[in-house]
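See structure below.
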Amino acid sequence: MWTSTQYRQLVRGSAWYDLIVTVAFVTPWSFAALHGLLASVSQAFDLPGELPAFAPMHMLMANLLGSIVCVWAVLRIRDPQQVYGRYDAVGRFLFATWQLYALLHGASSLLVIFLLFELAWGVVQVLPVRTPSRASPLPQ
């Protein structure tokens with residue numbers, strides 16, 4: 001169970017994670033560099049699954065995803081409300097669902113790393129938050 005202050009820190013931490021992981025998705029140029037790096041890692045470790053080249057429509061979807069996730073992350077960094085953490089958890093479970101679907105349909109196994117982080121952040125953001133008791137003194 002989280003205190004309200006701990007939960008706000010958790011929401012902010014998950015937002016920083018999102019910003020760091022997703023910022024390269026924002027532009028076609030940064031995503032092309034990231035895609036090249038991920039392809040190299042996948043080849044170096046001979047990982048199963050496909051990491052295909054991106055056509056313009058794929059790139060558009062990646063850039064839209066990166067843009068909206070970065071905006072959502074900045075909002076949560078600046079104002080880490082409990083309700084945002086709850087909505088973020090739902091979003092993470094949706095992302096994890098589609099990541100699992102992609103893995104089951106031949107996507108690169110690099111996706112497993114991101115799937116585990118989505119599930120972990122989602123789970124910790126659905127845990128209960130302790131409401132302060134009226135009898136307890138206010139923190140100084």
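The values are calculated or read from the model by the stated rules, or taken from the named source; none is laboratory data. Bear in mind the structure is a predicted one, so any value in this text is a computation, not a measurement. Cβ atoms come from the backbone with ideal geometry, glycine included; neighbour counts cover every protein chain shown.
Observations, loosely collected:
- Among the residues of the range 90-124, those identified as polar (S, T, N, Q) and out of contact with any strand residue (DSSP E or B) (no Cβ under 9 Å at 6 or more places or on another chain) are Thr97, Ser109.
- Considering Leu64, Leu47, Leu100, Leu60, the condition of being of a type in the set (A, V, I, L, M, F, W, C) and at pLDDT below 95 is satisfied by Leu47 alone.
- Residue satisfying all of: in the range 80-118; hydrophobic (A, V, I, L, M, F, W, C) and touching a residue at least 40 places away in the same chain (Cβ under 8 Å); nearest to Trp16 (Cα to Cα) among these: Phe117
- Scanning the range 80-96 for residues that are closer than 24 Å to His35 by Cβ and either in contact with a Cys (Cβ under 6 Å, 6 or more places away or on another chain) or surrounded by 13 or more Cβ atoms within 10 Å (Cβ to Cβ) (or both) turns up Gly91, Arg92, Phe95, Ala96.
- Selection of first residues in the range 52-79 that are more than 25 Å from Arg12 (Cβ to Cβ) and surrounded by 12 or more Cβ atoms within 10 Å (Cβ to Cβ) and of second residues that are of a type in the set (Gly, Ala, Ser) and at pLDDT 95 or above, restricted to Cβ pairs under 7 Å at least 6 apart or on distinct chains, gives the following pairs, ordered by first then second residue: Phe54/Ala62.
- Taking the range 23-140 as the region of interest, the helices (runs of 4 or more DSSP H) fully inside it that hold 2 or more residues being among the β-branched types (Val, Ile, Thr) are 56-78, 82-104, 111-126.
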